[in-house]
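Novice: The structure follows.
The values are calculated or read from the model by the stated rules, or taken from the named source; none is laboratory data. Just so it is clear, the structure is predicted and the values come from calculations on it, not from any experiment. Here the Cβ is made from the backbone with ideal geometry for all residues, glycine too, and neighbour counts use every protein chain on show.
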Amino acid sequence: MKRSYLILLLIALMLHTSSWSQTSYGNLNEGNAGDNGGFTNSYFGYQAGLNNTANWNTFIGYQTGFKNTTGYSNTFIGRTAGFNNTTGYLNTFIGYNSGYNNQSGEVNVFLGTNSGFKNTTGHRNTFLGHRSGHNNESGSYNTFVGTYSGNDNTVGNLNTFIGIYSGYKNISGEVNVFLGGYSGFNNTTGQLNVFIGQRSGNDNTEGSYNTFVGNYSGYKNISGERNTFLGFRSGYYNESGADNTFVGYDSGIKNVTGKNNTFIGYSCGHGNIEGEYNTFIGRYSGLKNTSGDRNTYIGNRSGNNNQTGSGNVFLGYYAGYNEMGSDKLYIDNSNTSTPLIWGDFANDVLHFNGKVAIGTNEPVAGYELTVVGGIITNKVKVALVNGAHWADYVFEDQYKLKPLNELEAYIKQNKHLPGIPSAEELVKEGGINVNQMFAKQMEKIEELTLYVIEMKKEIETLQKENNALNSTAAQPK
């Protein structure tokens, strides 16, 4: 206990220096601590700051700052910390061999055994942890926190690596942010990446402009660029795929070369390998797609079994679940093969498997289309189911044409033609059946034609009789 207090007292005495004063502690018989000029320096340890001529330095430990000459305002703590520093200034080296080869690098903070070991001219770096930034030479403005973080970085600048082995192999990559153990482990030249999570972007070497958030997200990405993967193992197998956005656990996990995809949801686009320009939103949507392109699936398990189809639009829970083709439209909340709305983009076909109401929320029972507000068109065609629904039967020999006197009596009594509904009936029935009404109107036209023909025959008969009478009267008596 007394020994600890003594050590603390010695350190306090060493640091408590006044202006123009020197404090030296060392075994003079084995090698003097620095005493070659300069002022306001503190030395503690064998050959600490031995060659120093500058000011405001603190040397604590065996051969700390050994070659320092004009570097000033440095703090060297730990055996051979900052050993080769000569002109570097405003550095803080704490730990065995920390900043060992630094020569002119300035405003660095190296904390940990062998941290910043090979740094020579790099400046304004912060390396915290065993061998953090070990191989850095001229890289600057870097922050490496964690054992072996940024170990191989040599010239890369403006990087932030936090976590054990984060950015371990980075050499010249710049403006990267790796947060998490082994995040960006193999990155060498990739730049402007953000990897957050255990082993996120682990295999990335040259890919740039990527954002991977989540453990193992973008794990195997090598050269893919401008990707955004959010979620555990999202985009795990992606190698060169670019411009993808995967959000959710295992989303786009098998994507390798696919580009310009957007997958949002748990295991969304799970099986996609090379498919491009797809948008899958919802849990397991596009689950088995491998190479299909230009698909839009929105809804849980929408397009679940489609593998190579392209140009599909599936909207709704389980919509298009079993559809294997291309250029199809499904809108429904089930896996039915006859969805509420079905379409074929290749043939410009749209089909409704239900009632359609326009201008109202209450379709009329018994009809597929209800329109309130009117319809205007320049062409209408009403189809016949078969010829029996048309009025040609009027011209059959067995057709009984109502005598005119009976017709007259019927009209006087009912105020409408036989077989034609009255206005009251039409109101009660909710309108006119166009097909039936056309057929009935044609029936009346054909009946009228028969009446005209019959009347013509009667007129011709009367004319013959009249001519015969006139001929008899004209003969001389």
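Novice: Collect the residues in the stretch 335-352 that are surrounded by 14 or more Cβ atoms within 10 Å (Cβ to Cβ) and part of a loop (DSSP other than H, G, I, E, B), keeping them in residue-number order.
Specialist: Matches in the stretch 335-352: 335, 336, 339, 340, 345.
Novice: State which residue is nearest to residue 115 (Cα to Cα) when the search covers only the stretch 147-162 and only residues that are outside any strand (DSSP E or B) and aliphatic (A, V, I, L, M).
Specialist: Taking the candidates together, the pick is 155.
Novice: So which residues in the stretch 278-306 are of a type in the set (Gly, Ala, Ser) and either on the phi < 0 side of the Ramachandran plot or more than 14 Å from the chain's Cα centre (by Cα) (or both)?
Specialist: 285, 291, 292, 299, 302, 303
Novice: Look through the stretch 236-259, keep the residues that are part of a loop (DSSP other than H, G, I, E, B) and aliphatic (A, V, I, L, M), and return whichever of them is farthest from residue 219 (Cα to Cα).
Specialist: The qualifying residue farthest from residue 219 (Cα to Cα) is 242.
Novice: Counting only residues that are in a helix (DSSP H, G or I) and in contact (Cβ under 8 Å) with a residue 12 or more places away in the chain, which one in the stretch 426-435 is farthest from residue 383 (Cα to Cα)?
Specialist: That would be 434.
Conditions tested, residue by residue: (1) touching a residue at least 60 places away in the same chain (Cβ under 8 Å); (2) under 50 Å from the mean Cα position of the chain (by Cα); (3) part of a loop (DSSP other than H, G, I, E, B).
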position: 66; (1), (2), (3): no, no, yes
position: 79; (1), (2), (3): no, no, yes
position: 97; (1), (2), (3): no, yes, yes
position: 110; (1), (2), (3): no, yes, no
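Novice: For the stretch 105-114, name all the residues that are of a type in the set (A, V, I, L, M) and crowded, with 19+ Cβ neighbours inside 10 Å.
Specialist: 109, 111
Novice: If the Cβ limit is 7 Å and pairs must be 6+ apart or interchain, which residue in the stretch 124-150 that is at negative phi pairs with which residue that is of a type in the set (Asp, Glu) and at pLDDT 95 or above?
Specialist: If the second residue must be of a type in the set (Asp, Glu) and at pLDDT 95 or above, the pairs left are 135/152.
Novice: Residues to consider are 52, 102; find the one that is surrounded by 22 or more Cβ atoms within 10 Å (Cβ to Cβ) and farther than 22 Å from residue 157 by Cα.
Specialist: 52
Novice: Can you find a residue in the stretch 470-477 that is farther than 23 Å from residue 367 by Cβ, surrounded by 11 or more Cβ atoms within 10 Å (Cβ to Cβ), out of contact with any strand residue (DSSP E or B) (no Cβ under 9 Å at 6 or more places or on another chain) and of a type in the set (Lys, Arg)?
Specialist: No: zero hits.
Novice: What number of residues within the stretch 396-425 satisfy the criterion of being surrounded by 11 or more Cβ atoms within 10 Å (Cβ to Cβ), over 28 Å from residue 382 (Cα atoms) and polar (S, T, N, Q)?
Specialist: 1
Novice: So which of 294, 283, 301 ends up being crowded, with 21+ Cβ neighbours inside 10 Å, assigned to a loop (DSSP other than H, G, I, E, B) and charged (D, E, K, R)?
Specialist: After ruling out the rest, the residue left standing is 301.
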